[in-house]
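Worksheet: one structure, shown below.
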Amino acid sequence: MAVQTPGAVRAPYKRTTGVRLSLWARRYGWRHVVMLAVVAFAVFPVLFVVSAALNPLGTLSSAQLWPTGASMENAVDLFTNTPFTTWYANSLFFAFANAAVTVLLSALAAYAFSRMRFRGRRVGLIGLLVIQMFPQFLAIVAIYLMFSTLGDYYPAVGFDTRWGLLLVYLGGALSINTWMMKGFFDTVPKELDESAQMDGASHAQVFFRIMVPLVTPVLAIVGLLVFIATINEFLLASVFLRDTDAKTLGLGLYQLVDSQRNANFGMFAVGAIMLSLPTLAVFWFLQRYITEGLTAGAVKG
Amino acid sequence: MAFEKNAGASSRGAPARTPLPGGRFAGNGSLGGQLVKIALLGLFTALGVWAVLPLYVAGNWWGIGLVVAVVGLVYWVYLSKRTVPAKYLLPGVLFLAAFQVLPVLYTMSTSVTNLSDGHRGGKEQAIASIEAYSVTSAEGAEEYALTVATTGSPESGDLVFLLTDSEGRAYAGTEEGLTGIDGATVGPSGRVTEAFGYTILSPTEVNARSDELQEFAVPTGEGTGIRSSGLSTAFEGTATRVYDAGCDCVTDSETGVVYHADNERGAFYDEDGQRLAQGWQVNVGFENFAHFLFNPTFASSFFTILLWNIAFAFSVTFLVFVVGLAVALVLHTPKLRGRIAYRVLVVLPYAMSSLAMFLLWRDMFNTDFGLFNRILGLEVDWLGDPWTARAAVILANVWLGYPYMFLVATGALQAIPRELGQAAQIDGAGPWQSFRHVTLPLLMVAMTPILVSTFAFNFNNFNAVWLITSGGPFSPDNPTAGATDLLITYTYRLAFNEATAQYGYAAALSVMIFLIVSVMSVVSLGRSKALKEVD
């Protein structure tokens, strides 16, 4: 490195506007250009669906990228011509119920895997990874055949019922999510629950009073992931729910644009936004956990 | 680890008793906890009783045994003090066993059978159905007024024909035979309107089960039976096709053709190789697998699909990673104005419902009305050409998938100290070199498991293909396998979307997907430390 000679006096350097601009362009300007392009790519389909939802004509061929009018006609049509509220309620039921119960079951198991040592623990953990390679929907034929029989005995959990499909979804409660949770549980210092045990806390008290409040980020993120996965689930739902009134909003929307692709597009667009709203809301509330939670399990792995 | 050491140290001292498997927890919880436990166990017992009742009615003793065993297991786990880990694992494990492990095993056992639309149930059922289906009315045969009823639930209970003959006597006809019933109410039309112990089906309910009705016949003697004709009348006739156990064959008395049973293929065949539609389920060994691997037409579609499946999962994972990481790097500077706004907008696709967005992309690619053709002034059939359809599916997936990578990469970048990159630059490395040799290797440690799981997810990304192209476009010479078909969409179509459901083939395909995914995961995970460090 060149050492400045102390004798040399340099004229005070003054940046001209042009130099500053080119410096800014080199440091930040190109970032803005790139980001504007990425944002355009990210946003245009969303813009299109909003514009189509507001489009008074309600057809695919008349929908523009930029909203040309603002009409609630498509929303009114969706509410009056389809069992929209039933579909929506079904979707929300599956998403919330599955997310809540999965988080509970998965956290219970992760607690045992993280804090206790027992026979079959290693086998159990590896087994969980192995069963992941056979995703539940690959067994769809078997599940279909199983529930044809099960539905004969228990109509309450047969096809076209909420409880039947929920049971199937819960079969996937212990999964890679349990690994992610276990990784996060491992980062909580063991001294905390050990000292609580010394003070006479039972294992259940340690779990509910000490662990759960400390691992909220990972619980939130698993809940979010399960919620998103369930509300967008199509395969199992399409096999289970065939009756119009039993369908989820996703299945309903599929059916809506399957038969009348052009004419029903406005209604579909309203439905698409409605289906995205819960996800957006959950995202909004959990955003502070997202980066932390998503990477927590990963870094450990 | 530390926990284990502690436990070891304390037991080395003076073990008054063997330590409980869960560690040194206090014996009993609070009173409130005990009450909750009792309430939950009570609820579970009630559930068990509810589960046993229909099994008892049907006389299914295996089922009852299973329910009792599960209830017993739950009681043992939650009342014993030595089963602390099991208390936490049991609920999830029960669901896992019932609705994931069991279906997987069932899939494996189905994959070696020929279970399909023409091959359901046993041989007796197939024979009964063949005979019933061939019943034709003879001259002057007895006619009955018919009411369709059931002894079980209207959707799935066993069918019963409530019949009244010309003299007004009422009978109940089941698959076993005809019995007289007393005390049935016969309406003015001569049909039974009410009978104790039977649920009468409404016309819509009958319609829903018309397929079953077609094959239903009440046997009345050697080769004779009662079949329905329409929804309100039935007639007695003789079966033209009769099974003879002596030669294990079915003889058609009208045409004189003899169909011999082929117990390996599970159907009756005549000399020309023509088969009767109704067959039965048999074990075919690995024939289903061989079908996809060696049968020229099916093997070529199977391997084409497999190749595209791998290419699809790989290119989506790669592109999503590159775009997500690039965006994260561009935003990875503290002083950029509007950083928060950019982040929110860039993550937007991830927060939208992917199911609806796939359908949206499909409609944007629509030839006649789609957004792209209208904006570009083209008339390209994007989803009708194999290569543009493939590109469209990949593009839609990159749009949906990169925000997740962006989030993960941002988190991983923030965990890497900035000083490392700065140090490299002081040592004379350019920005690219310092990224390539310092940042990227550190980043990959955190990202590799995410990339593996993204690949595995996209390998079976059913929605991505089914909702956009349904596997199409299909070439005219092979209408079962489309250009964008993944193995999973191909499987789904075989099982649920074809004219005849091919459950055996679909199950075999599922097992093959499982094997492929396991091999790939073992190879990729075996190189990471995840499995070795299970502690």
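Each value in this text was obtained by applying a stated rule to the coordinates, not by laboratory testing. Predicted, not measured: the structure shown is a model, and the values here were computed from it. Neighbour counts are summed over all protein chains in view; Cβ atoms, including those assigned to glycine, are modelled from backbone coordinates with ideal geometry.
Overview of values
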quantity	calculated
Compactness of the range B:294-527 as Cα Rg over 2.2 N^0.38 Å, two decimals	1.19
Cα gyration tensor, chain A - rounded (a/c under 1.5), prolate or oblate	oblate
Sequence-distant residues sharing a close amide H with B:Ala170 (under 5 Å, placed H)	B:Ile181
Test item: A:122-129 mean partner chain Cβ contacts at 10 Å	3
Mean Cα-pair separation over length for chain A, i.e. relative contact order, pairs under 8 Å, 6 or more apart, %	28
Unit charges at the beta carbon, dipole of chain B: most positive-side option, B:Phe455, B:Leu178, B:Val346	B:Val346
Compactness of the range A:70-134 - radius of gyration and Dmax, Cα, Å	21.1, 64
Interchain or long-range residues, amide H under 5 Å from B:Val257's placed H	B:Asp252
Per-q log10 I(q)/I(0), the range A:20-71, q = 0.23, 0.25 Å⁻¹ (Debye; single scatterer per alpha-carbon; no solvent)	-0.77, -0.84
Cα-centred dipole magnitude for the protein assembly as shown, charges only on beta-carbon of K, R (+1) and D, E (-1), debye, nearest 20	7340
Unit charges at the beta carbon, dipole of chain A: most positive-side option, A:Val19, A:Gln136, A:Val218	A:Val19
Three-way shape label, the range B:28-110, alpha-carbon gyration tensor, a/c 1.5	oblate
Residue among B:Ser129, B:Ser166, B:Gly197 farthest towards the positive dipole end of the range B:123-222, charges placed on Cβ	B:Gly197
Helix-only CD estimate at 222 nm, as mean residue ellipticity for the protein assembly as shown, using -39500 (n - 2.57) per DSSP H run (n ≥ 4)	-18500 deg cm²/dmol
Residue exposure sequence - B:Glu379, B:Glu236 - by fewest surrounding Cβ within 10 Å	B:Glu379, B:Glu236
Burial order of peptide ranges B:459-465, A:26-32 (average beta-carbon count within 10 Å, highest first)	B:459-465, A:26-32
Sequence-separation-based contact order of chain B, relative, with Cα cut under 8 Å and 6+ spacing, percent	14
Given A:Lys182/B:Lys37; A:Lys182/B:Lys81; A:Lys182/B:Lys335; A:Lys247/B:Lys87, the pairs whose alpha carbons are separated by over 29 Å	A:Lys182/B:Lys335; A:Lys247/B:Lys87
Charged-residue dipole, Cβ positions (Lys, Arg, Asp, Glu), the range A:75-300 about Cα centre, Debye nearest 20	620
Sorted by Cβ neighbour density within 10 Å, fewest at the top, the residues B:Tyr402, B:Tyr78	B:Tyr78, B:Tyr402
If the convex hull is drawn through the Cα atoms of the range B:135-239, its volume per residue in Å³	94
From phi via Karplus (6.51, -1.76, 1.60), per-residue ³J(HN,Hα) for the range A:26-33 in Hz, x at Gly/Pro	5, 7, 10, x, 5, 4, 5, 4
Whole-angstrom gap from the range B:212-275 to the range B:138-196, using each part's C-alpha centre	23
Average projection area in nm² (convex hull over Cα atoms of the protein assembly as shown, one quarter of hull surface)	50.4
Per-residue HN-Hα couplings for the range B:252-258 [Karplus 6.51, -1.76, 1.60; θ = phi - 60°; Hz; x = Gly/Pro]	8, 6, 7, 9, x, 6, 10
Charged-residue dipole, Cβ positions (Lys, Arg, Asp, Glu), the range A:66-154 about Cα centre, Debye nearest 20	980
Peptide ranges B:341-348, B:85-92, A:135-142 listed from the most packed, as the mean C-beta count within 10 angstrom indicates	A:135-142, B:85-92, B:341-348
Karplus-derived HN-Hα couplings along the range B:43-54 (A = 6.51, B = -1.76, C = 1.60, θ = phi - 60°), whole Hz, x at Gly and Pro	4, 5, 4, 4, 4, x, 4, 4, 6, 6, 3, x
B:Val519-B:Leu66 FRET efficiency (beta carbon distance; Förster radius 41 Å; 0.05 resolution)	0.75
